[in-house]
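The values are calculated or read from the model by the stated rules, or taken from the named source; none is laboratory data. The structure displayed is predicted, hence computed values, not measured ones. Virtual Cβ from ideal backbone geometry, glycine too; neighbours counted across all protein chains shown. Areas reflect the complete protein model, heavy atoms only, side chains present, ligands, DNA and RNA absent. Shrake-Rupley method; radii C 1.70, N 1.55, O 1.52, S 1.80 Å.
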Amino acid sequence: MTHTIGPGSTIGILGAGQLGRMLALVARRMGYGVAVFGGDRRSPCGQVADAVWAGNYDDTQQLTEFASACDVVTYEFENIPAHAAATIADLTPLHPNADLLAVAQNRLKEKTALRDCGLPTAEFRMVHTADELALARSDFGGDVILKANTDGYDGKGQWSISAATNLEELWTSSGLTEGLVEQRVPFEFELSVVAGRYASGECVYFEPFLNHHADHILDVTISGSNLVSPVAEQATQMARGVLERFHVVGVLCIELFLTSDGQLVVNEIAPRPHNSGHLTIEAYNCSQFELQLRTICGLEPVPLIRTAPAAAMANLLGQHLPATWDAAAMSGLTDTQLHLYGKSGAKTGRKMGHVTTLANTSADAEDRVRSVRSQLTAVR
Ligand code: AMP
């Protein structure tokens, strides 16, 4: 029988960003305490947590104190050192487990694991010199992407390469000593599946989301019936394959490319809620953050039901924010929710918040969310 961690218990979150904040807000609503590790009181999650360890991941004493104060620990980003995850897991349940964490923070391990699960990925290869990079480019057809093997996110540590790129210059300026080269997938659409698995083995899935990126950063996500129906079942089964292979307890996201001939190719795994799942807060009976809480605490599984015909989410990056908040920009808009993460310092490319709209069709939802964001930006 699964042990239930009930209301009144403390959820530990490694990482103090917006994903931790949105989990913390759900946890508080459901009567849990929240402890966060890795950010101070001004951090997005620290602002809404009960207890904060600003500490660093090399401080075993602090990790031990933190784990001892929690009934269960999860994380909101994947770059947590293995030794820190092990210290915590020795004291307190850590979900998803450290095996998945280790795979998700290393692109080579991740791509290899996906292949081992029988899932299609882009052709890939590790390179250590500009010459090896040149060979990979020519073997993979000219259009490739060089990625840092670890620590990359939101397009950081990523270089697009074409037949015309000077590879000596690019390799030197990248500062890499090794990198993973991937064939560029000529995709029609990008999709993601956010899914959860309970300790009982029961898996649940949100319907796949359609994602638009700008400058390698997620820009707009759309959810609606029949949006990706011909491949929805296949995409969902791919998520199930990863959940089961790693005996995941918790939430993960797989990011996919859909090619023009209808093939799905897995790009990467995020072992946590995902930016593309933010619209589940308004568009589903149970958000991805509530699902995270339910799975890691062993609560009763709930079916995931979309409660609006369609929804769309647009990220608010630093460059999208108005200079001053003008309530007029949001007034008169129904079915639109604004989320701000409490960050100071609105830099270009930095995720500051998002807006979600609900509508009767996915086209309307997308139009509306883009127009709301433009109105905000116009207040500058
Ligand atoms: P990643 O950090 O791997 O999630 O990449 C960020 C974004 O870069 C993806 O969402 C795609 O838009 C683009 N991208 C990354 N890898 C590839 C690839 N192999 N082929 C085409 N586009 C890619």
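Counting only the heavy atoms of the protein chains, how much of Thr60 is accessible to a 1.4 Å probe, in Å² to the nearest 10? Surface accessible to solvent at Thr60 totals approximately 80 Å².
Per residue, how many Å² of accessible area does the chain show with a 1.4 Å probe? Write out the running numbers ahead of the final one.
Details: 15620 Å² over 380 residues.
Result: 41 Å² of accessible area for each residue.
Note on Asn226 and Asp151: the model spin-label points, each 7 Å out from Cα along the C-beta direction, lie 4.8 nm apart.
What does the charge dipole of the stretch 10-94 about its Cα centre add up to, to the nearest 20 debye, if the Cβ of each Lys and Arg holds +1 and the Cβ of each Asp and Glu holds -1?
On the way: 5 positive and 9 negative charges, 90 e Å.
Computed about the Cα centre, the dipole is about 440 debye.
The count of lysine pairs in the chain whose Cα atoms are under 29 Å apart, excluding pairs fewer than 8 places apart on the same chain, comes to 14.
Helix-derived [θ] at 222 nm for the chain: sum -39500 (n - 2.57) over DSSP H runs of at least 4, divide by residue count, nearest 500? Before the final figure, lay out each step's value.
Details: 12 runs with 118 residues, N = 380.
Result for the chain, helices only: -9000 deg cm²/dmol.
For the chain, a crude dipole built from +1 on the beta carbon of Lys and Arg and -1 on the beta carbon of Asp and Glu, taken about the Cα centre, is about 880 debye to the nearest 20.
The share of accessible area on the stretch 190-243 that comes from carbon and sulfur is 45 percent, using a 1.4 angstrom probe. Give the residue from Leu256, Ser287, Trp159 lying farthest towards the positive end of the charge dipole for the stretch 135-291; charges sit on Cβ (+1 for Lys and Arg, -1 for Asp and Glu) and the dipole is referred to the Cα centre. Positive-end residue among those listed: Ser287. The calculated pair-distance distribution of the chain uses every alpha carbon pair, bins of 10 angstrom beginning at 0, and gives 5, 23, 32, 27, 12, 1 percent.
What's the extension gain from Gln158 to Lys109 if we count 0.36 nm per residue and subtract their Cα-Cα distance?
Working: separation 49, 0.36 × 49 = 17.64 nm, distance 1.74 nm.
15.9 nm is the gain from fully extending Gln158 to Lys109.
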